[in-house]
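> Take this structure, written in structure tokens, and hold onto it; I'll ask about it next.
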Amino acid sequence: MHRDHLGDAPIPADVAPFAAEAVTTRTFDAQEFRGITFHEVRARSILSRVPGASRMPFEWTANPYQGCTHACVYCFARGTHGRMDLDTGRGFDSQILVKTNAPEVLARQLASARWEGAHIAVGTNVDCYQRAEERYRLMPGILTALRDRANPFSILTKGTLVLRDLELLVQASRVTEVGISVSIGFTDRDLWRTVEPGAPSPQLRLDVVRALGEHGIACGVLMAPVVPFLGDRPEQLRATVRAIAEAGASSVTPLVLHLRPGAREWFTAWLRNHHPDLVPQYEQMYAEGAYAPIRYQRRITRQVHDLAAEFGIGPGRRSDAHRISLPEPPSRAAAAERLGPPRRPLPPFRRSSDRSI
């Protein structure tokens, strides 16, 4: 075990709503955690409201972690590290913020009379079942709080660790609306090894889809990202949709790669190193901003929907990636006892200690 410092510059209150006056910084000798630094914080709130202009089909999110060891070179959330003066490249992959009190805070927020029981999307910023969850085990407490309040929720993950919490998911699905989606953009193993080096393989994620379905939990697949010029050939799309169908997915929703600030720079650096011949094509495709041209997106969507119909699964709608239908109506007996997030500005956050184990 050794010490590792987060830094001296304060994290602005508007991007780090933590109540504690210190970050506890830890490293572990276990092989699966080598090279990773965990910064443990005490959060004031675990619920975040999605901006009204967002394309997301939900209004509230809960994210127990920031930074992600999946190390996906395209991850849109890299920019959030930059807003805290943390590195958006390797730092995003190895400097993980952990909201250690997330289950207790969520339980308290859901119990407030001000909370009206809105759908909560869990793990939308970074994966809630990334490698850190094996150590910190925050999700069982989060799922318990959601189940106990019969609050509808959804999870989007690449992590196989979601199967550890299968019984809690089944219990929650008996009392409220639960949506599980697994992100599988392609089945090409060479592409996976280079663009998602810390994530479970596509085959393992397909096994998750299959296992959830076998336990009565419908699981959709967010086919994301479809990577232009590397994962969008007709035969690649066909192989991916076929595998998704054979795994028993309830739906498939394609999403073409988008490159927001933070992610764009890191992905471009990766592209120059691995596929320098494609750099000009990417510069042209993303010249207008973070998203590929609408015509290209529509073509990919049409191809995937046609393949989904061919293989017997319905094309996913935007909401399918975040919720599923249940065989019986949810119990909402506790709906009157729910809370909204704090309305007052949060105090500045100071990094004043550094401890290791």
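The values are calculated or read from the model by the stated rules, or taken from the named source; none is laboratory data. These figures come from a predicted structure and were not determined experimentally. Cβ placement follows ideal geometry from the backbone for every residue including glycine, while neighbour counts extend to all protein chains displayed. The protein model used for the area step is the full one, side chains on, heavy atoms only, and it has no ligands, DNA or RNA in it. Shrake-Rupley method; radii C 1.70, N 1.55, O 1.52, S 1.80 Å.
> Only one residue in R332, R299, R295 is out of contact with any strand residue (DSSP E or B) (no Cβ under 9 Å at 6 or more places or on another chain), modelled with pLDDT of 95 or more and surrounded by 12 or more Cβ atoms within 10 Å (Cβ to Cβ). Which one?
R299
> Among the residues of region 74-111, how many are open to solvent by 40 Å² or more (accessible area, probe 1.4 Å) and under 16 Å from T124 (Cα atoms)?
The number of residues fulfilling the criteria is 1.
> Something else about it: Looking at (1) open to solvent by less than 40 Å² (accessible area, probe 1.4 Å); (2) in contact with a Pro (Cβ under 9 Å, 6 or more places away or on another chain), which is the one condition that is false for F153?
The single condition F153 does not satisfy is (2).
> Out of P64, P51, P103, report the one residue that is more than 21 Å from T27 (Cα to Cα) and out of contact with any Gly (no Cβ under 6 Å at 6 or more places or on another chain).
P51
> Name the residues in region 156-188 that are more than 16 Å from W60 (Cβ to Cβ), touching a helix residue (DSSP H, G or I) at 6+ places or on another chain (Cβ under 7 Å) and open to solvent by 20 Å² or more (accessible area, probe 1.4 Å), would you?
Those that are more than 16 Å from W60 (Cβ to Cβ), touching a helix residue (DSSP H, G or I) at 6+ places or on another chain (Cβ under 7 Å) and open to solvent by 20 Å² or more (accessible area, probe 1.4 Å): K158, T160, L161, L163, L168, Q171, V175, T187, D188.
> Do we find that A308 is in contact with a Cys (Cβ under 8 Å, 6 or more places away or on another chain) and either touching a residue at least 40 places away in the same chain (Cβ under 8 Å) or open to solvent by less than 70 Å² (accessible area, probe 1.4 Å) (or both) in this structure?
No; evaluated as a whole, the condition is false for this residue.
> Looking at region 226-276, which of its residues are within 18 Å of Q203 (Cα to Cα) and either in a helix (DSSP H, G or I) or of a type in the set (K, R) (or both)?
Those that are within 18 Å of Q203 (Cα to Cα) and either in a helix (DSSP H, G or I) or of a type in the set (K, R) (or both): E235, Q236, L237, R238, A239, T240, V241, R242, A243, I244, A245, E246.
> Do we find a residue being within 22 Å of L168 (Cα to Cα), in a helix (DSSP H, G or I) and over 13 Å from the mean Cα position of the chain (by Cα) anywhere in region 94-102?
Taking every residue of region 94-102 in turn, at least one turns out to be within 22 Å of L168 (Cα to Cα), in a helix (DSSP H, G or I) and over 13 Å from the mean Cα position of the chain (by Cα).
> Of all residues being open to solvent by 10 Å² or more (accessible area, probe 1.4 Å), assigned to a loop (DSSP other than H, G, I, E, B) and in contact with a strand residue (DSSP E or B) (Cβ under 8 Å, 6 or more places away or on another chain) in region 54-67, which is modelled with the highest pLDDT? Just the residue, please.
N63
> From the list R238, R233, exactly one residue is out of contact with any His (no Cβ under 7 Å at 6 or more places or on another chain), more than 19 Å from T157 (Cβ to Cβ) and touching a residue at least 60 places away in the same chain (Cβ under 8 Å). Which is it?
R238
> Being open to solvent by less than 40 Å² (accessible area, probe 1.4 Å), in contact with a helix residue (DSSP H, G or I) (Cβ under 8 Å, 6 or more places away or on another chain) and not in a helix (DSSP H, G or I) is the filter here; which residues of region 194-217 pass it?
Across region 194-217, the qualifying residues are G198, A199, P200, S201, I217.
> On to the next question. Inspect all residues belonging to region 73-88 and state whether any of them is part of a helix (DSSP H, G or I) and either closer than 20 Å to I142 by Cβ or modelled with pLDDT of 90 or more (or both).
yes
> OK, next. Quick check: anything in region 28-51 modelled with pLDDT under 85 and open to solvent by less than 30 Å² (accessible area, probe 1.4 Å)?
yes
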